Amino acid sequence: MSEYRYNPITDQWIILAAKRNERPIDFARAHKTESSDFDRGCPFCPGNEALTPPETFAVRPADLSADGAGWSVRVVPNKYAALSGLLVNEGQEAENGIGPWKNKVGLGFHEVIIESTSHNRSFGYHDDEQARNICRSLRQRYQHFAADQQIKLISIFCNHGSSSGASLAHPHFQLLAQSVVPPRLIRQLQHCRDYYRKNKSSVFDNVIRTELPDGQRVLLANDHFVVLCPYASICPFEIYLLPRFEQQHFGELDNELLENFSQILQQAIRTLDNSLNYPDYNLAFHTATLNSDDNHPVGFRWYIQICPRLHNTGGFELATDVYINTVKPESAAAIYRKNI
């Protein structure tokens, strides 16, 4: 029998219409395909630095020049940026329009964080030092844009595989620093604030305190983070990575927590791959707003969401914003735990 389930973190209902006896192989696209570790035509591969815009940040020895060899992580502006990257003068970013139509300058920045020189090694499979360097680079770029008073939100995400929306195979993260905050996030921040005032604790604390003793949806846990399948997963085998401490912005992580985060995120991605035959997936950082009166909303924490691309959303989701999930998160978590 199907059921409605409520996600107290996102303030969102889903429909769980679980099929019996589903196995991971029923959802996985294909087994991992082997490919070369270097692609002569790939703009992100070493030796092709001239094919990208000039880098904005890189991890390389100090005695080596920018936009040349020797880097281990490289950050460049997106060649086909969603936002203009242009600073505007005061007053220029005001809304304009006629009647119901509104517009404003597309202020913002769009960067690509190239994970490594390897063309086919995704985040879960780097050595510890390289994984830390990637996370440090993400944090550095977050902090860099957070200092710009015109930036109101920083979104970091990874599209892995063609069905996730990735246009290039070489593993990379993307960062968009925006001057507009989407209404959905505004509603979520207010929901978390209201929850805290009503319950005298954050929804994240209550979710973690409930999930850990029960354990049926938990994959991984340590002193600082918990990885689980959310009770109201929006898609089969969805994963949340939740901090166990109060922090609204990924850019606030200190080095010790960042190392711990890097390790458990790698574990989560490897578990995803081992369980589902290397599926395409989307990974997103959810963080609070910036440079406003709501920088540190009570009750909200930054967190990670990973959605394997095992099925497509349809007209019902478009019409209602209610997702239909056909796999119980308890079943998904049990499969994940067998493959850690």
Order of Thr271, Thr210 - criterion: other Cβ atoms within 10 Å of each residue's Cβ, fewest first: Thr210, Thr271
Global geometry of the range 295-340, whether rounded, prolate or oblate, following the gyration tensor of its Cα atoms and the 1.5 cut on a/c: oblate
Extreme residue, positive dipole direction of the chain, given options Gly47, Pro8, Ile269 (C-beta unit charges): Pro8
Relative contact order (percent, whole number), the range 87-241, Cα cutoff 8 Å, 6+ residue spacing: 17 percent
Val181-Ala50 FRET efficiency (beta carbon distance; Förster radius 45 Å; 0.05 resolution): 0.80
Residue order, fewest to most beta carbons within 10 Å, for Asp37, Asp67: Asp37, Asp67
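Please return the longest range in the chain lying between exposed loop sites, taking trypsin sites (Lys or Arg not before Pro), DSSP loop only, at most 12 other beta-carbon atoms within 10 Å, and leaving the sites out.
By the stated rule (loop sites, at most 12 other Cβ atoms within 10 Å), 201-340.
Too long at a 32 Å Cα-Cα cut-off: which of Lys102/Lys200; Lys19/Lys79; Lys200/Lys328; Lys19/Lys200; Lys152/Lys200? Let's see the in-between values first.
On the way: Lys102/Lys200 39 Å; Lys19/Lys79 43 Å; Lys200/Lys328 30 Å; Lys19/Lys200 38 Å; Lys152/Lys200 28 Å.
Pairs exceeding the cut-off: Lys102/Lys200; Lys19/Lys79; Lys19/Lys200.
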Separation of alpha-carbon centers, the range 262-307 and the range 49-70, rounded to whole Å: 28 Å
Unpaired by the 4.7 Å Cβ criterion, cysteines found in the chain: Cys135, Cys158, Cys192, Cys229, Cys235, Cys307
Förster radius 41 Å - calculated FRET efficiency between Thr320 and Arg270, Cβ distance, rounded to 0.05: 0.75
Contact order relative to length of the chain, as percent, for alpha carbon pairs under 8 angstrom and 6 or more apart: 22 percent
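Compute the Cα gyration tensor for the range 231-340, then decide on rounded, prolate or oblate, letting a ≥ b ≥ c be the square roots of its eigenvalues: rounded whenever a/c is under 1.5, prolate when a/b is larger than b/c in the other cases, and oblate in all that remain. Walk me through the numbers before you get to the answer.
Working: a/c = 2.38, a/b = 1.28, b/c = 1.86.
It comes out oblate by the Cα gyration axes.
Above 26 Å lies some portion of the pair distances; for the range 137-292, what is it as a whole percent of all C-alpha pairs?
Numbers: 3827 of 12090 pairs.
In whole percent, the share of Cα-Cα pairs in the range 137-292 beyond 26 Å is 32.
Quickly estimate the mean residue ellipticity at 222 nm for the chain, helices only: each DSSP H run with n ≥ 4 gives -39500 (n - 2.57), and the total goes over all residues, rounded to 500.
Theoretical 222 nm ellipticity from helices: -8000 deg cm²/dmol.
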Total formal charge among the other residues, if their Cβ is under 13 angstrom from that of Ala221, Lys/Arg +1 and Asp/Glu -1: +1
Estimated inter-spin distance, Lys104 and Ala17, nm [label 7 Å along Cα→Cβ]: 3.9 nm
Euclidean distance between Cα centres, the range 189-234 to the range 310-340, Å: 18 Å
Potential extension, Thr210-Gln140 segment - 0.36 nm per residue separation minus Cα distance: 21.8 nm
Where GluC sites (Glu not before Pro) in DSSP loops with at most 10 other Cβ within 10 Å are excluded, longest remaining stretch of the chain: 96-340
Label-to-label distance, nm, for residues given as Arg197 and Asp37 (7 Å Cα→Cβ offset): 5.6 nm
Whether the range 66-205 is rounded, prolate or oblate, judged on the alpha carbon gyration tensor where a/c under 1.5 counts as rounded: oblate
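Coordinate-derived values only; no laboratory data. Here the structure is a predicted model, which is why all the values come from computation and not from measurement. Here Cβ is always computed from backbone atoms with ideal geometry, including for glycine, and neighbour counts include all displayed protein chains.
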